[in-house]
Amino acid sequence: MNPDLSTPSFHSADFEFAQDLLEGVSSAWDRFASELKPAILSRLLAQGATNADAEEVLGLVMEKLWAQKKLAAYTGSGPLQGFVRTMASNVWLEYLRKHRRMIPATNLSREDDPSDPMEGLACDTASPPQESPLAELLRDALTHALLVVDAEALLVMRLSLLQDIKQRDLCALWGGCHEGTISRKKQEAMEQIRDATLAYISEREPTLQISWQDLIEACGEGAEAILGPSV
């Protein structure tokens with residue numbers, strides 16, 4: 001994918017670093033080992049992985065980055081470290097779900113069916129591509145959060161941040177209230193979205209210990225302006 005050089009936040013040094021990694025430059029690999037590997041492991045350990053799990057998931061991340069050429073999707077629009085850390089979160093969630101749902105192959109067969117159960121699995125029609133597990137979980141969590149947030153506070157936040165209506169105009173719309181009231185309502189909506197989102201994720205995936213900053217990174221550039229700052 002070609003970089004967007006017109007973007008003010010284009011990280012040219014990181015983009016060049018990623019290209020060197022894709023081309024197998026030895027010095028870039030050394031830098032990856034000293035800078036990015038620790039960042040990935042730190043993210044995984046912070047999200048509840050054991051040391052053994054983290055090392056295994058790191059291998060899966062590496063396989064995706066190079067064997068599957070996922071690193072080629074990096075465009076320089078954000079820090080490379082954030083890109084690989086978000087990928088690590090995705091792979092960790094995939095790993096958790098896979099191992100939680102694993103069942104012995106013998107449980108897939110029936111007593112009256114002597115055929116190899118793995119042959120039956122091999123014949124299944126391939127599922128269509130799906131969004132990443134973290135994106136799916138985050139979408140569901142945010143959808144839930146938007147349903148439970150205070151309706152008036154959410155409306156103020158949407159009008160201000162998404163429709164770009166000036167705060168003084170919102171004050172007039174809200175019966176001549178003080179600008180501090182509008183600011184407070186926006187902050188209230190952001191905090192409710194944050195808390196409801198994290199609570200939903202904690203209930204759905206209790207093993208995944210993920211912070212609001214992790215989710216901001218997963219949402220991509222510009223998310224903080226809509227979802228509020230990390231805590």
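Brief remarks follow.
Listed here are the residues, each with its yes/no results for (1) more than 30 Å from Glu205 (Cα to Cα); (2) modelled with pLDDT of 85 or more; (3) in the same structural domain as Pro206 (by TED's automatic domain parsing).
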residue: His144; (1), (2), (3): no, yes, yes
residue: Asp150; (1), (2), (3): no, yes, yes
residue: Ala172; (1), (2), (3): yes, yes, yes
residue: Gly176; (1), (2), (3): yes, no, yes
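- Leading residue by the ranking (nearest to Ala189 (Cα to Cα)) among those in the stretch 160-170 that are modelled with pLDDT under 85 and among the aliphatic types (A, V, I, L, M): Leu161
- Taking the stretch 35-53 as the range and being farther than 14 Å from Val84 by Cβ and either more than 17 Å from the chain's Cα centre (by Cα) or part of a helix (DSSP H, G or I) (or both) as the test, the residues that pass are Leu45, Ala46, Thr50, Asn51, Ala52, Asp53.
- One residue stands out among those in the stretch 164-221 that are among the acidic types (Asp, Glu) and not in a helix (DSSP H, G or I): the one that is surrounded by the fewest Cβ atoms within 10 Å (Cβ to Cβ), which is Asp164.
- Residue in the stretch 189-197 that is over 25 Å from Gly82 (Cβ atoms) and free of Cβ contacts under 8 Å to residues at least 12 places away in the same chain present: no
The values are calculated or read from the model by the stated rules, or taken from the named source; none is laboratory data. What you are looking at is a predicted structure, and each value in this text was computed from that prediction instead of being measured. Neighbour counts run over all protein chains shown; Cβ positions are idealised from the backbone, glycine included.
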